[in-house]
Amino acid sequence: MENSVQISIVMPVYNAEKYVDKAVESVLKQTLEKIELIIVDDQSTDKSGEICDKWAEKDSRVKVYHLQENVGAGCARNYGIKQAKGEYLTFVDSDDKIETDLYTRVLGKPTAPYDVYVWGVTEQYCDKEGKVTSQNVLFLEDEILTDETAVRKKIIELEEKTLFGYQWNHLYRTEIVKKNNIEFRKYHLYEDYFFNLEYIEYAKSMKISSCVGYYYYKRMNQSLTRQYVSSYFELSKKRVASLVKAYKRWGLYDEKIKTICGNRYMRYCFSAIMRNNAREAEMTHRDKRKWVQKLRKESFYNHVVKRTRIENKSLAVVQMMINLGFIEGCLLLGKGVFIVKEVLPGLYTRKGLIH
């Protein structure tokens, strides 16, 4: 490990010619000088690769790798990890940007060798023209955790705040990642979350920063929440179930954990009911009824949701209808939300009703 590089920043790039300049510039303007930027061009068909090469010519801290085939963002990140020389590792997406003092603020002075650093995010919601129409700021208060149990107990709070499922608001020890062969798995959704859950098994200390200097742009034409993914529900269930399993394995599973997981799973359940109305789902009304009936009998639903107090009032109504077998009412509500979401995209996502 070359200690002259404090942080390796991996940036996967695919057809991002409109945004990549700003993303790269925000990284290279960092007040923390001991950084390297590893750009992995995932077989872009636009001018992204050329733009990145020009940055490498201007700044020796930039390393550009052009993949021979398109492998997806997760695998591109895995390739970048292999090239990393820094003590710590993090990521920046090619259509986002960061504040110039982000990493300086996160590390603090004097810096201490924590296993993982986590910070907040400023979500920027953009319209079809790319104009920012609103924003949502997510963060936790500054805190330092110095033992394994404390770190693990904190994960549920990060997940509840939706800060655990991203990779660009984390600093990871490069040695831990490489030594334990931690990598991004090939999932259509939640690659970041599963990477983090695997990494946290080895983390014995954590620093949380209230800094919100990462700007995550949610663009309508790119958002996965507006795309139909056939494996959405199964992967969402796997996400919640993996957290329940981890807390049971750690001997930390209690009513608080169950309640938070139940609320999270209820959101995914209703989101799936809503998404079943998509044309791509190719589901008849009878199919949709059978889907909800199957959900009612599911052991995992009955364990974490059925008797859990759901905080969101709309979702609490959905829970009641599912529990009592009011299938038609549940389907009607799901269809109504689906229609509204098509007309006013982003409304329900910002209100926290669906994911």
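Every read-out reported here was derived from the displayed coordinates using simple, explicitly stated rules and does not represent laboratory data. The model shown is predicted, which means the values in this text are computed figures rather than measured ones. For neighbour counting, all protein chains shown are included, and Cβ atoms are generated from backbone atoms with ideal geometry for every residue, glycine included.
Values for this structure:
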item: Cα-based Rg of the chain normalised by 2.2 N^0.38 Å, two decimals; result: 1.03
item: Unit charges at the beta carbon, dipole of the chain: most positive-side option, 276, 100, 122; result: 276
item: Within segment 86-182, trypsin sites (Lys or Arg not before Pro) in DSSP loop having at most 10 other beta-carbon neighbours inside 10 Å; result: 128, 131
item: Relative contact order computed over segment 27-133 (Cα-Cα under 8 Å; 6+ residues apart), in percent; result: 30 percent
item: Length-normalised contact order of the chain in % [C-alpha pairs under 8 Å, at least 6 apart]; result: 15 percent
item: Set of lysines near residue 128 by C-alpha distance (under 17 Å), chain-local residues within fewer than 8 positions excluded; result: 18, 218, 341
item: Among 199, 233, 12 - extreme Cα towards positive end, dipole of the chain, charges at beta-carbon; result: 233
item: Cα centroid separation, segment 99-143 to segment 232-257 (Å); result: 26 Å
item: Dipole in debye (nearest 20) - segment 211-317, about Cα centre, beta carbon charges: Lys, Arg +1; Asp, Glu -1; result: 220 debye
item: DSSP-assigned coil residues among GluC sites (Glu not before Pro) in segment 95-136, each with at most 15 further Cβ atoms within 10 Å; result: 129
item: Net dipole in debye of the chain [+1 Lys, Arg Cβ; -1 Asp, Glu Cβ; about Cα centre; nearest 20]; result: 1840 debye
item: Tensor-based shape of segment 138-281 (alpha-carbon gyration tensor, a/c under 1.5 rounded, otherwise prolate or oblate); result: prolate
item: Translational diffusion coefficient (Stokes-Einstein; Kirkwood radius from C-alpha pairs) of segment 129-193 at 25 °C, 0.890 mPa s, in µm²/s; result: 169 µm²/s
item: CD proxy at 222 nm, helix term only [per DSSP H run n ≥ 4: -39500 (n - 2.57); per residue of the chain; nearest 500]; result: -13500 deg cm²/dmol
item: For segment 113-161, convex hull volume per residue from C-alpha positions, Å³; result: 101 Å³
